[in-house]
Amino acid sequence: MAEDQLADWISRLTSDVLRPAALDAMVERVNNDILAALPELREDDELRRDLDASTRGQVRAFIAAIANEQAEYQPPPAAVALARTVARRGMDVKVLLRVYGTGRTTAINILTEIVQSVPVDAETKMRALVSFWESAITWLELSTDVLLAAYTSERATLERGATARRADTIHALLEGATIPIDTASTRLAYPLRPWHTALILWSDTDDTEALGHREQVIRHAARALDSRGRFLSLPSGARGHWAWIATDQPASTDAIASISLPAGTRIAVGSAARGSAGFRQSHRDAVAAQQIASVSTNARACTLYRQVEIPYLLGRDADALREFLARTLGPLAEPTEHAARLRDTVAAYIRSGGSPTDAARTLQVHKNTVRYRIEQAFTELGAAHDGDHADLGLALRCIDTLGIGWLHGKS
């Protein structure tokens, strides 16, 4: 096969890789290998989102470089954003190098498998693989130089002035370090003795406008909780912020739920807790709420930990929770409008203490409609409607939080 024919063949092959389904599968496999190599990233939803965006951009750029050897390679903005996120988290540069090395190896393995599966002669396959490896080496060298420069620049910026001291103190507190409370308060310019409500905010994009929206939401939340200006915030990545709001008494997080959020901005809210330990615990609650929000198919802009605590705790083993929900809900677990109506009715009935009248008021339907649906639901469940429904109530609460799509493995 002549050189121009080989180039055309590689171009067609790479075009197939860039089709949505193939690209999604490649990105998922690369990310899974990176997370296996760096398990500490697995529990960090925000960092994983930045990683996914970076991987997707890098794969596209890498495939484009293979298809066109004359193309000038530039790391995509999402890859630069990931480098800055790793720097902001105080992670070692080795984390970044591991991401790039693992990503390159997996990408090459995938392309090798694709080439080997194509019915062409062995010489053509070998020439294609040599071309891929040469492109991969060039890609890694160029991208590593640019992205390490972005990491180094971000670290240098953070290490200058109060931002670095604040970030280091926050990370130390979250890791359980023992710092005198007044010393930590001075470093943070934020009082640690009162009650704290932690927030985690994230956006769909990493542009300046989204950054401004998150900062505005934090200010609105601080006013809603009557904090008298006592709040602390820290960019946690290219698309996210962590924040804490101090109050003299435990704050009602319902006030935050009523804030109007800009499109594309989401927020997870921890429960109020006091002192340095409370600063840490409320953040953990917010992280848990964010994890639920990330997997839920019932999209909500604001997720309060107190509303999702039970599904979060039960969902520590997702497979076991799915089995519990399917077993408990039986036919009511079907993803149909009929099953959804029955679930809503039974949930309102249980919350009302078994009162069809109160449930009807909640659902804004006639009480006879409630009675009919309850009879229908419990007949399908094969259970008495006047029995113990603790498990059923828990199951319905989990479905309300996670969505019926989650139960059936949809995202």
How many residues does the stretch 214-240 contain that are over 21 Å from residue 287 (Cβ atoms), touching a residue at least 12 places away in the same chain (Cβ under 8 Å) and not polar (S, T, N, Q)?
5
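Yes/no matrix, rows are residues, columns are (1) touching a His at 6+ places or on another chain (Cβ under 7 Å); (2) closer than 24 Å to residue 306 by Cβ; (3) modelled with pLDDT of 90 or more:
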| position | (1), (2), (3) |
| --- | --- |
| 150 | no, no, yes |
| 160 | no, no, no |
| 182 | no, no, yes |
| 190 | no, yes, yes |
| 202 | no, yes, yes |
Output the number of residues of the stretch 61-85 satisfying the condition of being at pLDDT 85 or above and of a type in the set (A, V, I, L, M).
6
Take the stretch 234-243 and flag every residue that is over 16 Å from residue 261 (Cβ atoms) and surrounded by 18 or more Cβ atoms within 10 Å (Cβ to Cβ).
235, 236, 237, 238, 242
Only residues that are within 13 Å of residue 395 (Cβ to Cβ) and among the hydroxyl-bearing types (Ser, Thr, Tyr): list them for the stretch 320-376, please.
328
Taking the condition of being under 30 Å from residue 238 (Cα atoms) and either among the polar types (S, T, N, Q) or loosely packed, with under 15 Cβ neighbours inside 10 Å (or both), how many residues in the stretch 120-145 meet it?
7
One residue from 97, 111, 129 being under 24 Å from residue 206 (Cβ atoms) and either part of a helix (DSSP H, G or I) or out of contact with any Pro (no Cβ under 8 Å at 6 or more places or on another chain) (or both):
97
Give me the pairs: first residue in the stretch 131-146 and farther than 16 Å from residue 76 by Cβ, second residue assigned to a helix (DSSP H, G or I) and at pLDDT 75 or above, beta-carbon distance under 7 Å, and six or more apart or on different chains, which are they?
132/108; 132/111; 133/108; 136/104; 136/108
Among the numbered criteria (1) within 32 Å of the chain's Cα centre (by Cα); (2) surrounded by fewer than 17 Cβ atoms within 10 Å (Cβ to Cβ); (3) among the polar types (S, T, N, Q), which one does residue 345 miss?
(2)
Breaking point among (1) touching a residue at least 60 places away in the same chain (Cβ under 8 Å); (2) out of contact with any Gly (no Cβ under 8 Å at 6 or more places or on another chain), for residue 335:
(2)
Test result for residue 88, touching a strand residue (DSSP E or B) at 6+ places or on another chain (Cβ under 9 Å) and either modelled with pLDDT of 85 or more or on the phi > 0 side of the Ramachandran plot (or both):
yes
Positions within the stretch 187-238 being in a loop (DSSP other than H, G, I, E, B) and of a type in the set (S, T, N, Q), in sequence order:
205, 227
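The values are calculated or read from the model by the stated rules, or taken from the named source; none is laboratory data. As the structure is a computational prediction, the values presented were derived from the model and not from experiment. No Cβ is skipped: glycine too gets one built from the backbone with ideal geometry, and neighbour counts run over all protein chains shown.
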